[in-house]
1. When Lys and Arg each count +1 and Asp and Glu each count -1, what net charge do the other residues less than 12 Å away from G159, Cβ to Cβ, add up to?
2. Tell me which of A113, F187, H325 sits at the most positive position along the dipole axis of the chain, charges placed on C-beta atoms (Lys, Arg +1; Asp, Glu -1).
3. Rounded to the nearest 20 debye, what is the charge dipole size of region 136-264 about its Cα centre when +1 sits on each Lys and Arg Cβ and -1 on each Asp and Glu Cβ?
4. Determine the dipole magnitude for the chain: charges of +1 sit on the beta-carbon of Lys and Arg, -1 on that of Asp and Glu, nothing else is charged, the reference point is the Cα centre, and the result goes in debye to the nearest 20.
5. Count the net charge of all other residues whose Cβ sits under 11 Å from the Cβ of D289, scoring Lys and Arg as +1 and Asp and Glu as -1.
6. Run the numbers for Q272 and M201: contour at 0.36 nm per residue of separation, minus the present Cα-Cα distance, in nm.
7. Going by average Cβ neighbours within 10 Å, how do the peptides 123-131, 68-76 rank, with the highest at the top?
8. Only Lys, Arg, Asp and Glu count, each charged at its Cβ (+1, +1, -1, -1), so figure out the dipole size of region 76-152 about its Cα centre, rounded to 20 debye.
Amino acid sequence: MNLIIDEETAVSLETGSACSLENYLALPDHSMDERIARARERLGATTILLGHHYQRDEVIWFADFTGDSYKLSKIAAETDAKYVVFCGVHFMAESADVLGRDEQQVILPDLNAGCSMADMAEISQVEACWEALERLGLTTDLIPLTYMNSTAAIKAFCGERGGLVCTSSNSRAAFEWAFARGKRILFLPDQHLGRNTGYAMGIPLEQMVVWDPWALQGGQVASDLALSRILLWKGHCSVHQRFLPSQVDEIRAKHPGIQVIVHPECRWEVCQKADALGSTERLIKIVEDAPTDTTFAIGTEIHLVNRLAHRFAAQGKRILSLDDHGCLCTTMYRISPQHLAWALENLVDERVVNRIKVRSSVKLWARMALERMLEIG
Ligand code: 13P
Ligand code: SF4
């Protein structure tokens, strides 16, 4: 395989047809714009391009729809397009495949675009947890509920046991749904979203225990498990975990009157100090609806924060990152314009690359869990 090492040589490839990914990766970002636009045009209505809000500008420009994970899964469930190119991370593309029609094909431009939080719960660990709880007689009134940020196998696990999926935009409705059917919830894999949601519903912190998949019996004694209302899986988002309560205090001292808005994947102590919490879509809406001259500190991924800062500067709204250094989701960042151009140009040549296909045995119950989520809205 010949790698293109300088831009001059690379340019000669620009008019060529789709070739190996390495050749694309050697080209500069800006040289992809025209190619992506051209491929997009040639693919027409056969292809829909979905972009999560954490994607880079050079990728999000080309999205037919942008959204949070709930909105994008809903669009994926409704589209007639033959190809769904998902500019997001692996669990989002999997969910699109589960919800889509059989003849539809979902493409993730870079297969390395995973999610460190989703990786914190493996299906074998979840099965072992359930068995341990079963031995204690605690599964009869236990509803398993998983955050969208999990594998399709875990979604299927929840679906098969009468549970469902939720996102940060409908976690409260999902908890209410679950408490109408059981006494206790097992929430996977984000302890922070689970704790923030439960607390907002009036469940005291003492009634939420953390299940550590690496410790014997989750690191809990049987009596505490029996008294709990929510079992929180010990998982977190490495990006949102970086926001700290001290940062909220510091930014408020520096900018009196500032509005602090954060994603509910942030730790409870940060969420308690914030003015509002919300999914990525909701955070955008809060900024849109705010009066001019409002200053915001936002606790979420830096690409979204920078995009909002740029978009609302003309309206006099000032937007800062809650963390001075900005928190980057490195896996979302993996979807580069080069990967996108490569995937689209291959589609133009009728080659499907990086297809995400969930096994049919998993699909059945994962779909049930996702459909329950779509029903509660
Ligand atoms: P949203 O559903 O709010 O877009 O969140 C997805 C995510 O992965 C946040 O880290
Ligand atoms: Fe996963 Fe966190 Fe990245 Fe969201 S921001 S995709 S939870 S690692």
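1. Once all neighbours under 12 Å are counted, the net charge is +3.
2. F187
3. Using Cβ point charges on Lys, Arg, Asp and Glu, region 136-264 gives about 180 debye.
4. In total the dipole reaches around 1100 debye.
5. Net of charged neighbours comes to +2.
6. Between Q272 and M201, full extension yields 24.2 nm more.
7. For the peptides 123-131, 68-76, the packing ranking is 68-76, 123-131.
8. Here the size comes out at about 100 debye.
Read the figures in this text as sums done on the coordinates, not as results from a lab. In this text the structure is predicted, and so the values were computed from the model without any measurement. No Cβ is skipped: glycine too gets one built from the backbone with ideal geometry, and neighbour counts run over all protein chains shown.
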